[in-house]
Amino acid sequence: MKKNILVVIIIVILAAVAWWYYDSNKILPLKISATDVAPPRLLFAVIKENKLDIKHGLELELLWSPPGEVERRLATGYENVEIGFYNILALINTNASEKNDLRIVAPAINNPQVLIVKKESPFKTIQDLKGFRLGVRPARTAAYNAESILMKLAGFDKEKDFKLTFGTPQEGAAFLEKGEIDSTILTSSDAAIFLATGKYRPITELNDSWVKASGAPFPFVDFAAHRSWINGNGKKLERFRAMLKEAVTYIKNNPSVVDEHKELLNIKATNEKQMESARNALVSVFSETWDFKSHKFLLNKAAELGYVGELPGDGLFAD
Amino acid sequence: MSGNCPATACLPTNFLRQIMGMNDIINAIKERVGLVAGPLLYNAVIIVGICIFLAAASFYWLFPVLRAIDQNISEAQNIEAQNADALLNLLLDETFSHLIHFGEHAYEDRGIEPRASVLSQSRPDFLNLAVFGTDGKLSAFTSRNGSQEAPYKLSDSVNSSYFFQEAIRNQRYIGPVLLSAAGPSIQIAQALTKDGEIVAVATSEIDFSLLWEVTKKIPVKDGKIYLVDKLGTIIADPDIDRTRSGENLKYRNVVDLLVQGKANVLRDNYKNENGENVLAFGLKMQKTGWGIVVEKNEEKAMKQRNDTLLVALVFTAASILLITLLILSTLRLAWALVNIDREKSERERTIAYLPDGVVEFTGENRILGMNPAAKNYLNINQPLPDEFYVIESAEPVKGFERLKKIFFSTHKTEGGQGSSYEVSFDHPERLVLQIITVYIKGLGPLKDQRYLKIIHDVTHERQL
């Protein structure tokens, strides 16, 4: 009798171990709404090429779209997107206006904003550009909010001091190239790519004033998900975070990945100096850890300047 | 069922055949399919016919009507889009014509300042005006308030600017919409010609509010018009906040197709920014590359279609009810026929084993059938011929002599439903038969009247 009980216990234990092994090694699909700009392209290229997603038990499906559309896709649940890039201010506004319950789940990109002008143009400072034509991202996008706050910090009102035209970073660059605008605001990583062509020049006041005020890099976008999804997909989220951390560490330890993906990132550097500038700009935007200080500073500043309504209490960041 | 029964045992079946007027074809069908014949076949044909009729009605009536309604909706949206296109083109043509007019004066005067007041009085939407030589050098400039910034003032030449390159190729240039505290504006440019030669390029920044207003001016019942630029970015919407959002609407199929260069998009369905389901029609403006989208509340736009569908639905429901009733009636009829057949079989069995003879005939004396006892009494040893009549004046058919005798005997006693009489035969042995004639159906034409002759052997009684 005792022998039989022992056999049963052993079978149960073996079945539990087999189940545990199967469950922890099962590849889970994960659909991500990703912005079609350089840093996410680089990040996910590194993940895919090194099979970091498979290593962490995930199979990523990436839906690429321009800024603005990325947020819309996650907020509306387009094609059952699970995780997406989202600016924290846009997220607060989306939650407030569209009765969503989005939460930040992981840090993504700390990307300073840079004004780009043609190399031969007479504009040297933001003040010089006052009253002139400026290419910006569509309203309500992460970039638009970031641009507005940074402009305010630098002492300008984007909507009052400039003539704005909207478009993606690429469209902004094309407008600038054709002389249809006088400057465009880009993230430092996008700017690095355009600067690498040698035809443009940066005006870095926006980032300078931010760093001076906050003492931290600008938290441009994070990864976000709906709370209902977070509650039901703890394991997936855990794996996603681990995968992300490993990918960012890999990029930081191997900056040459930027060179390897020169074509993918559309970097047209003609000399090592330009390439180095693009490489440094791209690698520096990734964050391995949360920077709550900069997020908090951004939230308070946004509330102070009226870019968000009432700040939500705890719980904006998923555990 | 009756096809398997002997001819003499199928009296009621034959009777039914006559009443129902079945023809050979139906009988042939009945032979093959059994019960589904006669009235059942008619019912089945009617049901199938109604189904075909309904399908045909849908095909020839409902679908074309629905298509026509859809076309009407698209046509109405097309007209509204064309109106917006015409109005925008009119405004733009007028604006370009003024640009050329003022540009030419500026070019000829080599200095525009004296004309600035004329410009601001006649076209207050012209924020500034600049004229460049073909070398790209600024030759004249004025602005409405005198302090308007113009980027081309800061460089020696605009040779590399897209507006100049377009204008110098004799193309109209319309730049992207710019938003500022003063309102929306666009830059336009066009070449100035003299004796067919391009001599200069005129450019101006125009207050876009007037064009913006077009979206408000064109009435769209239960909807609105909005404009997108070549890239799909919203540039005009009745809702000013949306216009200022700079949102790219390429995620809407209608906008995406217009951006790709499609001349028009007849139909797109989506949920708009207010969460409203809408039908959209898109038209690409050939002169500017912008897209005009006419958006209508789907429920209201489709009301006529939905009403028609409702009528069709009611009609279909009534038809289904009718078909159901017909199927039920057919089933009841089939059940009744089964019962009749069962009763017939029982009656035939009873008649077949009756000791008395029974002969069924019509008012015209056409023999329809007889049971074995009757054949025995009448000494008939062969099958009954088809269309067999017993005629008094004719010679009796061989083998049916006794049959004629029982029909035309002189000893008759009238009474009841018919008559009773006796007929005797001496060969081969004496036989006295009592014949009682009764009618089953005595009304109507002779061919439809039905009678029976009951033949009872009374030989033994008469010998006593």
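Read the figures in this text as sums done on the coordinates, not as results from a lab. On a predicted model such as this, the values are computed, not experimentally measured, just so you know. Cβ sites come from the backbone with ideal geometry, for glycine too, and all protein chains shown count toward neighbours.
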Checklist entry - Quick one: longest stretch of chain A between exposed loop GluC sites (Glu not before Pro), exposed meaning at most 16 other C-beta atoms within 10 Å and loop per DSSP? => result A:121-262
Checklist entry - Per the Kirkwood definition applied to all pairs of different Cα atoms, how many angstroms is the hydrodynamic radius of the protein assembly as shown? => result 35.1 Å
Next on the checklist: Projecting each Cα onto the charge dipole of region A:169-305 (Lys/Arg +1, Asp/Glu -1 at the beta carbon, about the Cα centre), which of A:F292, A:I230, A:A192 comes out farthest on the positive side?
Outcome noted: A:I230
Checklist outcome for this item: In region B:163-258, the chymotrypsin sites (Phe, Trp or Tyr not before Pro) that sit in a DSSP loop and have at most 12 other Cβ atoms within 10 Å of their own Cβ are none
Checklist entry - Whole-Å semi-axes of region B:354-464's equivalent ellipsoid, largest first, each the root of 5 times a Cα gyration tensor eigenvalue? => result 22, 17, 13
Checklist outcome for this item: Given pairs A:K31/B:K224; A:K152/A:K262; B:K404/B:K441; A:K51/A:K158; A:K124/A:K268 and cut-off 32 Å on Cα-Cα distance, the over-length ones are A:K31/B:K224; A:K152/A:K262; A:K51/A:K158
Checklist outcome for this item: Result row for chain B, helices from DSSP H with C-alpha axial extent 20 Å or more and mean Kyte hydropathy at least -1.0, is B:39-57, B:63-109, B:303-352
Next on the checklist: Restricting to lysines 8 or more places apart or on different chains, can you count the pairs in region B:251-307 with Cα atoms under 19 Å from each other?
Outcome noted: 6
Item to check | the protein assembly as shown, helix-only ellipticity at 222 nm - DSSP H runs n ≥ 4, -39,500 (n - 2.57), divided by all residues, nearest 500 | outcome: -14000 deg cm²/dmol
Next on the checklist: Within a 10 angstrom radius of the beta carbon, how do B:T362, A:T94, A:T165 rank from fewest other beta carbons to most?
Outcome noted: B:T362, A:T94, A:T165
Checklist entry - To two decimal places, what compactness ratio does region A:1-150 give when its Cα radius of gyration is scaled by 2.2 N^0.38 Å? => result 1.62
Checklist outcome for this item: Plugging the Cβ-Cβ distance of A:Q170 and B:V311 into 1/(1 + (r/R0)^6) at R0 = 41 Å yields, to the nearest 0.05, a FRET efficiency of 0.20
Next on the checklist: Are there any trypsin sites (Lys or Arg not before Pro) in region A:2-84 that are in a DSSP loop and have at most 11 other Cβ atoms within 10 Å? List them by number.
Outcome noted: A:K26, A:K51
Item to check | Stokes-Einstein translational diffusion, region B:235-345 - Kirkwood Rh over all Cα pairs, 0.890 mPa s, 25 °C, in µm²/s | outcome: 132 µm²/s
Checklist outcome for this item: Cα extents of chain A per principal axis, largest first, Å, are 94, 47, 35
Item to check | Share of pairwise Cα separations in chain B, more than 40 Å, in percent | outcome: 57 percent
Item to check | Candidates per trypsin sites (Lys or Arg not before Pro) in region B:268-325, loop by DSSP, up to 16 other Cβ within 10 Å | outcome: B:K287
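Ratio of region B:276-410's C-alpha Rg to 2.2 N^0.38 Å, to two decimals?
Dividing the Cα Rg of region B:276-410 by 2.2 N^0.38 Å gives 2.62.
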Checklist outcome for this item: Of the DSSP H helices in chain A, the ones reaching 20 Å or more along their long axis in Cα terms and averaging at least -0.5 in Kyte-Doolittle hydropathy are A:2-25
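Eigenvalues of the Cα gyration tensor times 5, then square-rooted: what semi-axes does that give for region B:67-301, in whole angstrom, largest first? Don't skip to the answer; put the middle values down first.
Working: eigenvalues 274, 57, 47 Å².
Equivalent-ellipsoid dimensions as semi-axes: 37, 17, 15 Å.
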